[in-house]
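Chemist: Okay, handing you the structure first.
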Amino acid sequence: MAATRPDGGVPSGTPARPFETTFRILFVCTGNVCRSPMAEGLARAMLGPGSPLVVASAGIRSEPGRPMTERARRAVVKLGGEPHAAFASRRLTPDLVAGADLVLGAGVRHRAESVAMHPAAAAHAFTIAEFGALAAAVHPWRVVHLADPVERMRALVAEVRAQRGLILVDQPDIPDPNGRSRRRHREAGRRIAEALNGPFRLLTAAVPESQASTGVLASAAS
């Protein structure tokens, strides 16, 4: 298993491997001081302590070493998120994209630039809003029949990928609130939280015994 960095990322140049027991999610925005660290903090809280899903973030135009903006931090805390205490911005690199099992951009530009750095990521790169909208169309049984959260996440990404082109995502971008009002930050935080809440709930959902015994489980796994 690859060692993790203090900020929850993985060392540069570390590729994702199917046999590993962790799953790496990389959030991407422009400066890595607002939207992507907001998503990172909200995701960390949703996944809970000890999760094998590792979250990290980066920015396509980031100035390394900057803290998360105070308005973004407050918005995350207000929504129940967990901003990283020692957060420092970093610039997106091809190695970071290659080391992620799922890349979620704040907007289509961030997704596109991530894929341009590492074309193989096209299969598992989405915008945050896009991933949430497509995941909402996935039948829960396609995911929750698996006991392991990493296996569930891999299954969910495959199911979401299959929804591409079938569902129209009206607003795939989350507008950048950096430098704007507290209300704009809260709106961005809410949109991120809403997009992530549905998919991440599938990772911890229990399989109801009453339904598992009826054979629904078997049909979902087929």
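Chemist: Does any residue of segment 127-149 turn out to be within 26 Å of Arg201 (Cα to Cα) and part of a strand (DSSP E or B)? Please lay out each step first, then the result.
Modeler: Going residue by residue through segment 127-149, those that are within 26 Å of Arg201 (Cα to Cα) are 127-149.
Pick out the ones that are also part of a strand (DSSP E or B) and you get 127.
Yes - at least one qualifying residue is present in segment 127-149.
Chemist: If we scan segment 83-105, do we find a residue that is basic (Lys, Arg) and over 15 Å from the mean Cα position of the chain (by Cα)?
Modeler: Step one: of segment 83-105, the residues basic (Lys, Arg) are 90-91.
From what is left, the residues that are over 15 Å from the mean Cα position of the chain (by Cα) are 90-91.
Yes: one or more hits.
This table checks each residue for (1) open to solvent by 10 Å² or more (accessible area, probe 1.4 Å); (2) modelled with pLDDT under 95; (3) within 16 Å of Ala56 (Cβ to Cβ).
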site	(1), (2), (3)
Ser89	no, no, yes
Ala100	no, no, yes
Met117	yes, no, yes
Ala120	yes, no, no
Val143	no, yes, no
Ala155	yes, no, no
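Chemist: Can you report the number of residues in segment 27-45 which are open to solvent by 10 Å² or more (accessible area, probe 1.4 Å) and either modelled with pLDDT of 95 or more or small (Gly, Ala, Ser) (or both)? Even if it seems obvious, please write down each step before you answer.
Modeler: In the first step, residues of segment 27-45 are kept if they are open to solvent by 10 Å² or more (accessible area, probe 1.4 Å); the result is 30-31, 35, 44-45.
Filter once more, so that each one left must be either modelled with pLDDT of 95 or more or small (Gly, Ala, Ser) (or both): 30-31, 35, 45.
Residues that pass the stated criteria total 4.
Chemist: Further question on the same structure: Could you please find all residues in segment 158-169 being in contact with a Leu (Cβ under 6 Å, 6 or more places away or on another chain) and outside any loop (DSSP other than H, G, I, E, B)?
Modeler: Val160
Chemist: Let me ask something else about it. Working carefully through the options Gly132, Gly48, Gly65, find the one that is of a type in the set (Gly, Ala, Ser) and surrounded by 23 or more Cβ atoms within 10 Å (Cβ to Cβ).
Modeler: Numbers: Gly48 fails: surrounded by 23 or more Cβ atoms within 10 Å (Cβ to Cβ); Gly65 fails: surrounded by 23 or more Cβ atoms within 10 Å (Cβ to Cβ).
Criteria check complete, one pass: Gly132.
Chemist: Name every residue in segment 102-115 that is open to solvent by less than 50 Å² (accessible area, probe 1.4 Å), over 15 Å from Val33 (Cβ atoms) and either aliphatic (A, V, I, L, M) or touching an Asp or Glu at 6+ places or on another chain (Cβ under 6 Å) (or both), in order of residue number.
Modeler: Listed by number, the residues that qualify are Leu102, Val103, Leu104, Gly107, Val115.
Chemist: I've got another one for you. Out of (1) under 21 Å from Cys34 (Cβ atoms); (2) open to solvent by 70 Å² or more (accessible area, probe 1.4 Å); (3) in contact with a strand residue (DSSP E or B) (Cβ under 9 Å, 6 or more places away or on another chain), the odd one out for Arg161 is which?
Modeler: Here Arg161 meets the rest and fails (1).
Chemist: Where residues in segment 180-203 are part of a helix (DSSP H, G or I) and farther than 19 Å from Val103 by Cα, which of them is nearest to the chain's Cα centre (by Cα)?
Modeler: The initial filter retains those residues of segment 180-203 that are part of a helix (DSSP H, G or I), namely 182-203.
Narrowing further to those that are farther than 19 Å from Val103 by Cα: 182-187, 190.
Numbers: Arg182: 23, Arg183: 23, Arg184: 21, His185: 19, Arg186: 19, Glu187: 18, Arg190: 15 Å.
In this case the residue turns out to be Arg190.
Chemist: Which condition from (1) outside any loop (DSSP other than H, G, I, E, B); (2) open to solvent by less than 30 Å² (accessible area, probe 1.4 Å) is the one that Pro177 breaks?
Modeler: (1)
The values are calculated or read from the model by the stated rules, or taken from the named source; none is laboratory data. Bear in mind that the values here come from a model prediction, so they are computed numbers and not experimental data. Note that each Cβ is placed from the backbone with ideal geometry, even for glycine, and that neighbours are counted across all protein chains shown. Just so you know, the surface numbers come from the protein's heavy atoms only, side chains and all, with ligands and any DNA or RNA stripped out. Shrake-Rupley method; radii C 1.70, N 1.55, O 1.52, S 1.80 Å.
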